[in-house]
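Novice: One structure is given below, represented as structure tokens, and several questions about it will come after.
Rule-based calculations on the coordinates, nothing more; no lab input. Source: prediction; values computed, not measured. Cβ coordinates were reconstructed from backbone atoms using ideal geometry, including for glycine residues, and neighbour counts include every protein chain displayed.
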Amino acid sequence: MATNRWAPEATCCVRVLDAGALIALDRGDRDAWALLTEVHRMGQRPVIPAPVVAQAWRGGPRQARLAKVLSGSELIVADGPLSRRAGELLGRARTTDVLDALVALAAQDRPGHEVLTSDPADIHHLLQVLEIRRTIRVV
């Protein structure tokens, strides 16, 4: 489990998950599960932009772990206003990954939340464009 150099000084209790985090959890990654268990121990639920689920979900009994994660998570609907904000962020950042933008915006809208990701450089870049600092945990 790695914490990167972009971490703010404060620690956090809830995590925003990207597709890489969901895939790590689905594969049974011990570090990812430890981070998720920590959230549940504090009585919190992880936050996942709903479109991120589509990148990791394939269905069937082989994804029982992922189904468990999703059932205990807060899913953020990418409605019109959030989708427009994501597009604007991508334009300012000069990048194209919509899911990363939604993850960054979820972190922006929830002060103190960490981001659990397999793609720290892209998330960090988007958080910089948003001019916010969040702890980024790499899985």
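Novice: So how far apart, in nm, are the two label points at Leu75 and Trp33 if each is 7 Å from Cα heading toward Cβ?
Specialist: In this crude label model, Leu75 to Trp33 measures out at 2.4 nm.
Novice: If you take every residue apart from Gln55 with its C-beta less than 15 Å away from the C-beta of Gln55, what net charge results, scoring Lys and Arg +1 and Asp and Glu -1?
Specialist: Details: positive: Arg27, Arg58; negative: Asp18, Asp26, Asp97, Asp100, Asp119, Asp122.
Net of charged neighbours comes to -4.
Novice: Taking only Cα atoms and a 10 Å spring cutoff, compute GNM fluctuations for the chain and point out the largest among Ala107, Ala54, Ala19.
Specialist: Ala54
Novice: So, one more: Can you tell me the FRET efficiency between Ile132 and Ala64 if r is taken as the Cβ-Cβ distance and R0 is 30 Å, rounded to the nearest 0.05?
Specialist: So, using R0 = 30 Å, E works out to roughly 0.30.
Novice: Select from Leu116, Leu66, Leu102 the residue farthest towards the positive end of the dipole of the range 2-138; place +1 on Cβ of Lys and Arg, -1 on Cβ of Asp and Glu, and compute about the Cα centre.
Specialist: With unit charges placed on the Cβ atoms, the residue in question is Leu66.
Novice: Output wanted: per-residue J couplings in Hz (rounded whole) for the range 24-36, from phi through Karplus 6.51 cos²θ - 1.76 cosθ + 1.60, θ = phi - 60°, x for Gly and Pro.
Specialist: 4, 5, 4, 7, x, 4, 5, 5, 4, 5, 5, 5, 5
Novice: Through the Karplus equation 6.51 cos²θ - 1.76 cosθ + 1.60, θ set to phi - 60°, convert the phi angles of the range 43-50 into ³J(HN,Hα) values in whole Hz; use x for Gly and Pro.
Specialist: For the range 43-50, the Karplus-derived couplings read x, 9, 10, x, 10, 9, x, 3 Hz, x marking Gly and Pro.
Novice: Hey, can you grab everything whose amide H is under 5 Å from the amide H of Val16? Only 5+ residues off in sequence or another chain; H modelled, so Pro and N-termini drop out.
Specialist: Answer set, sorted by chain and number: Val47, Glu114, Val115, Leu116.
Novice: Now for a separate question. Taking θ = phi - 60°, what integer Hz values does the Karplus form 6.51 cos²θ - 1.76 cosθ + 1.60 yield along the range 89-100, in sequence order, with x for Gly and Pro?
Specialist: Those phi angles translate into 4, 4, x, 5, 7, 6, 10, 10, 7, 4, 5, 4 Hz.
Novice: Still on this model: Of the beta bridges DSSP finds with both residues in the chain, what % are antiparallel, to the nearest 5?
Specialist: Values: 2 of 12 bridges.
Approximately 15 percent, going by the DSSP bridge assignments.
Novice: Run the quick spin-label model on Arg94 and Met42: label points 7 Å from Cα toward the beta carbon, then report their separation in nm to one decimal.
Specialist: 3.6
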